[in-house]
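Quick note: the coordinates plus some simple rules give every number you see, no bench work behind them. In this text the structure is predicted, and so the values were computed from the model without any measurement. In this analysis, Cβ positions are derived from the backbone assuming ideal geometry, glycine residues included, and neighbour counts consider all displayed protein chains.
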Amino acid sequence: MLQTYQTGRTTHAHVSPFNQDNRPQNTDLQTLDLQANECSEMRKLVPVNLDPYQDFQGFTAKAMRSIAMMDSDNLAAVRKFASDPAAPGAMLVSGLPTDAALPPTPLDGEPAKDRESYVGETMILGLASILGEPVGYETEKDGQLIHNLIPIKGAETTQSNRGSSAFLSFHNDSVYDAQDHYHVYNPDFLILYGHRADPAKAAQTFYISARKLQKILPSKIIQILREPRFRMAAPANYTDLLNGGKKVWSKPMPVLFGNAEYPEIAVAANGVDALDSEAQTAFDALTAACQHTDNHASVVVDSGQALLINNRKGLHARSSFKATYGPEERWLLRANIRRNTWQMRDRMTDRTMVFS
């Protein structure tokens, strides 16, 4: 059931605070709680004897049939989230089916072998098909279309999904581009599906929208953030795994851009280079606003939950947590989604839905 409240003529998600305090409700996050009968009907149509890592297109087609068993009002809510510029930038879907016999967390970050079922993959690809087209990038996990996000021993302090002990700063997921623009071909949406939360349930995902930041920050700061006075670092996975650890920087660009009422924002997790002292002051103000606990939404993605994130409307981050590297370690699935792949046709590869 989608919970909403009214302000004027606009309907917003009614969101309860996820931290155990008296924080105000955060309108950047919608919650969608599925009923038991929806979960049961979706589970009946989970593909069997089919591996999404081997037959992506065939599996996705069947996943679409499974997700269609959601209540029509809930399907409409997900579609509205995907298409309405005024919709919140994040949605937490709870009550999704889970894998009954989930193997130990694969600590190499690769898909687990000899799986009995792929319920989680069905849910993430079904939801992705509502938002747009799931895509892969050659510079991100070798083009995998479904990412298994697991803390990797030795990568604890990296600004990437492989890290754990370091706070993963507020950012968009970006894509390396030889033309030095890392925000053009990046995914429009991300989905994080929970196989397992970390044992202590300490790994929180944060989200804040550009709209909220524009309301919080002084107009002078907003003006500077809208000027091309910043460079973005290419993603850490590209830098560390494909470029020998050497950082690569974008051309100068703004942090905020586009329509004033519905702005877009771009911030690189791997580093932002402010080109002058005034720009640095503005970016520091942005960072402080993002990190203030009254401003951002906070979620621990647990088993059977999916966090849908608009990658253009806002920024997300992850708290630090202590990785155990045990069989019950944190294990999320991630999908990158584009609303339109036509703009990326010059980056096509010979692999299905994988782009350079």
(message) Let me spell out the model: positive unit charges on the Cβ of Lys and Arg, negative unit charges on the Cβ of Asp and Glu, origin at the Cα centre of the chain. What dipole size does that give, in debye rounded to 20?
(response) 540 debye
(message) Full-extension gain between LYS251 and GLU278, please, as 0.36 nm times their residue separation minus the C-alpha to C-alpha distance.
(response) 7.9 nm
(request) With runs of 4+ DSSP H residues as the only contributors, calculate the mean residue ellipticity of the chain at 222 nm using -39,500 (n - 2.57) per run, divided by the residue total and rounded to the nearest 500. (result) -7000 deg cm²/dmol
(request) Find which of PRO327, ALA36, LEU315 sits farthest along the positive direction of the dipole of the range 4-355, computed with +1 on the beta-carbon of Lys and Arg, -1 on that of Asp and Glu, about the Cα centre. (result) LEU315
(message) Just to be sure I understand the model, the point goes 7 Å from the Cα along the line to the Cβ. What's the resulting THR293 to ARG79 distance in nm?
(response) 4.0 nm
(request) Tabulate in residue order the Karplus-calculated ³J(HN,Hα) for the range 67-81, using 6.51 cos²θ - 1.76 cosθ + 1.60 with θ = phi - 60°, rounded to whole Hz; enter x for Gly and Pro. (result) 5, 5, 7, 5, 4, 4, 5, 6, 4, 5, 5, 5, 4, 5, 4
(request) Would you be so kind as to identify which of MET348, HIS292, SER277 lies farthest towards the positive end of the dipole of the range 259-356, taking Lys and Arg as +1 and Asp and Glu as -1 on Cβ and the Cα centre as origin? (result) MET348
(request) Distance between Cα centroids, the range 36-68 to the range 150-194: provide it in whole Å. (result) 27 Å
(request) Provide the packing ranking of 288-298, 44-54, 173-183, i.e. peptides ordered by the mean count of other C-beta atoms within 10 Å per residue, highest first. (result) 173-183, 288-298, 44-54
(message) Give me P(r) over the range 14-155, computed from all C-alpha to C-alpha distances, binned every 5 Å, as integer percentages.
(response) 2, 9, 16, 18, 18, 17, 12, 6, 2, 0
(request) Can you tell me the relative contact order of the range 4-355? Whole percent, Cα pairs under 8 Å, sequence separation 6 or more. (result) 26 percent
(request) Grab every C-alpha pair in the chain, bin the distances at 10 angstrom width from 0 up to the longest one, and report whole percents. (result) 5, 25, 36, 26, 7, 1
(request) Determine, for each peptide in 247-254, 221-228, the mean count of other beta carbons within 10 angstrom over its residues, then list the peptides with the highest first. (result) 221-228, 247-254
(message) So if I place +1 on the C-beta of Lys and Arg and -1 on the C-beta of Asp and Glu, and nothing else carries charge, what would the dipole magnitude of the range 62-171 be about its Cα centre? I want it in debye, nearest 20.
(response) 120 debye
(request) Search the structure for amide H atoms under 5 Å from the amide H of THR324, placed 1.01 Å from N in the peptide plane, and list their residues when 5 or more places away or on another chain. (result) ARG330
(request) Please find the FRET efficiency linking SER94 to TRP342, where r is the Cβ-Cβ separation and R0 is fixed at 45 Å, and quote it to the nearest 0.05. (result) 0.85
(request) Taking the Cβ of ILE265 as the centre, find all other residues whose Cβ is under 9 Å away and add up their charges (Lys, Arg: +1; Asp, Glu: -1). (result) +1
(message) What aspartates and glutamates does LYS322 reach when the alpha-carbon gap must be under 15 Å and sequence neighbours fewer than 8 apart in one chain are set aside?
(response) GLU156, ASP198
(message) Distance cut-off 21 Å, Cα to Cα: go down the list LYS215/LYS313; LYS113/LYS141; LYS215/LYS247 and report the pairs above it.
(response) LYS215/LYS247
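How much length, in nm to one decimal, is gained on full extension between GLN35 and SER320, taken as 0.36 nm per residue of separation minus their Cα-Cα distance? Please report the intermediate quantities before stating the final value.
Numbers: separation 285, 0.36 × 285 = 102.60 nm, distance 3.23 nm.
Stretched out fully, the GLN35 to SER320 stretch lengthens by 99.4 nm.
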(request) Any chance you could run the full-extension gain for SER356 through LEU107? It's 0.36 nm times the residue separation minus the Cα-Cα distance, nm to one decimal. (result) 87.0 nm
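Among HIS147, HIS316, which comes first, then next, by fewest other beta-carbon atoms within 10 Å? Spell out each step's value before the answer.
Numbers: HIS147 20, HIS316 27.
Fewest-to-most ranking of HIS147, HIS316: HIS147, HIS316.
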(message) Rounded, prolate or oblate for the range 154-276? Axes are the square roots of the Cα gyration tensor eigenvalues, ordered a ≥ b ≥ c, and the cut-off for rounded is a/c under 1.5.
(response) oblate
(message) Can you classify the range 95-197 as rounded, prolate or oblate using the Cα gyration tensor, where a ≥ b ≥ c are the square roots of its eigenvalues, rounded means a/c under 1.5, and otherwise it's prolate if a/b beats b/c and oblate if not?
(response) oblate
(request) Estimate the FRET efficiency between ASP114 and PHE167 by the formula 1/(1 + (r/R0)^6), using the beta-carbon distance for r and 56 Å for R0, to the nearest 0.05. (result) 0.95
(request) Quick one: order THR122, THR341 by neighbouring beta-carbon count within 10 Å, fewest to most. (result) THR341, THR122
(request) Treat the count of other C-beta atoms within 10 Å as a stand-in for reagent exposure and order TYR185, TYR137 from fewest to most. (result) TYR185, TYR137
(request) Report the net charge of residues surrounding HIS147, where surrounding means a beta-carbon distance below 12 angstrom and charges are Lys +1, Arg +1, Asp -1, Glu -1. (result) -2
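How big is the antiparallel share of DSSP beta bridges in the range 4-355, given as a percent to the nearest 5?
Approximately 85 percent, going by the DSSP bridge assignments.
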